[in-house]
Amino acid sequence: MRLGRDASFVLSITGLVLAVPAALLPFVRAGKLGDERISHLFTGVVSLWTGGMRSLAVLVFLCGGLLPLALLCALAILQAPARIRWLTRDRWLLRRAARVIEHWSIPEVQVLAVLVALMKLGSLVDITIGPGFWFYCAMAFSLLFAQRSFDFAPSAPTPAPDGAHAGNPL
Amino acid sequence: MRNPFANARFKSTATAAALALTAAIMLVPANLLPVLSTETSGSNRSDTIFSGAVELWRQGLWAIAAIVFTASILIPVLKLAGLGWLLLCVRRGAPLDSRRLTRVYAALDFIGRWSMLDVFLAAFLTGLVQFGEFSTVTPRSGIVAFASAVVLTVLATQAFDPKTLWPATQPLPQ
């Protein structure tokens, strides 16, 4: 399914909005023998960092948090309505950045990893999925659809921002 | 060497080959060293990637075991093998089935991201399962090797220029 430019723009904005509760609300609640632990989106990153595996913490933080956010921002700017002139002027650098980031922003993989972890832990601890996880899922899917309708490797130069933009080439 | 693309062609394939080779080397410790150790009520076990998938299978979580096995073992190996094959094809320089090889490249590019699954899994489990003496999960050195293998594979795929799969005179497909 390939969406139009406006739909893609709106999805990017939606993703950006959803990212806020995804980062702030509890992700997963786990209980074991009366001891309860609430995990947030970046709890794993923090424990990796304090546990001495800093390179891994940075990688997870980038691929699952920062770069999806950056890509949402880039997609929103690149597909902003042509009326907003100051946004649509010179974007080749941003377009190239988006092309690189696209390979490293993988929130959907993190969603799958969390689901696998929950199945794995099911017998070990009591698990409740928190709202943060659902917001994160929604964010991941908004990004996925926004990304699908954006052409990262345009074959023709970007049309002039005079409002005559007929969607993406291809 | 009158081909104007010869130089760019060599550079792209050489970089990709070097990165892919390093990734292949990193896959060895990634699969031999333990990636996670789980401590539950006194009993302690360390899992490699493979034994982790086997353990899931033993618990009866077949679908999950299949997902983990595919993402962590099958995809890294398939991706490196595929990339190696593409590089050999370019190197040999014989007439290529460019269209098909480009599709192979696109497929490799798409599946690569899913091998990060195990890294996210380790991060998530470490963050969540910290119940002191009852249950604790600690990441081990294997996961770092695995993560670097995945990152190197992605870099190798990006370094490879799919344009080299096409003869220099032929216009690229739109």
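Couple of notes before you dig in:
- When peptides B:143-152, A:57-66, B:18-27 are sorted by average Cβ neighbour count within 10 Å, with the highest value leading, the order is B:143-152, A:57-66, B:18-27.
- Cβ neighbours within 10 Å from other chains - mean over B:145-152: 2
- Aspartates and glutamates with Cα under 18 Å of B:K11, excluding same-chain neighbours fewer than 8 positions away: B:D161
- Ignoring lysines fewer than eight residues from A:K32 along the same chain, the ones with Cα atoms less than 25 angstrom from its Cα are A:K120.
- Relative contact order (%) - chain B, alpha-carbon pairs under 8 angstrom, separation at least six: 41
- Taking amide H as placed 1.01 Å from N in the peptide plane, the amide H of B:R140 sits under 5 Å from that of B:L36, B:S37, each at least 5 places away or on another chain.
- Backbone amide hydrogens, once placed in the peptide plane, bring A:V28 within less than 5 Å of A:S39, A:G130, excluding anything fewer than 5 places away on its chain.
- Helical contribution to [θ] at 222 nm, DSSP H n ≥ 4, -39,500 (n - 2.57), averaged over the protein assembly as shown, rounded to 500: -18500 deg cm²/dmol
- Taking amide H positions as modeled 1.01 Å from N, with prolines and chain starts lacking one, the residues under 5 Å from B:T48 and 5 or more places away or on another chain are B:V35.
- Fluctuation leader among B:P34, B:P95, B:P139 - chain B, Gaussian network, Cα springs under 10 angstrom: B:P95
- Given +1 at the Cβ of Lys and Arg, -1 at the Cβ of Asp and Glu and no other charges, the dipole of chain B around its Cα centre is 980 debye to the nearest 20.
- Counting only other chain Cβ atoms within 10 Å of each residue's Cβ, the peptide A:125-133 averages 1.
- Descending by average beta-carbon neighbour count within 10 Å, the peptides A:42-49, B:85-92 line up as A:42-49, B:85-92, the highest first.
- Of the DSSP H helices in chain B, those with a Cα length along their own long axis of 18 Å or more and a mean Kyte-Doolittle hydropathy reaching -0.5 comprise B:6-32, B:75-92, B:98-111, B:141-159.
- Note on A:52-62: average number of Cβ atoms from other chains within 10 Å of each residue's Cβ is 4.
Just so you know, all these numbers are worked out from the coordinates, no wet-lab data involved. Small disclaimer: the values here were computed from a predicted structure and weren't measured. With ideal geometry, Cβ positions are generated from the backbone for all residues, glycine too; neighbour counts draw on all protein chains shown.
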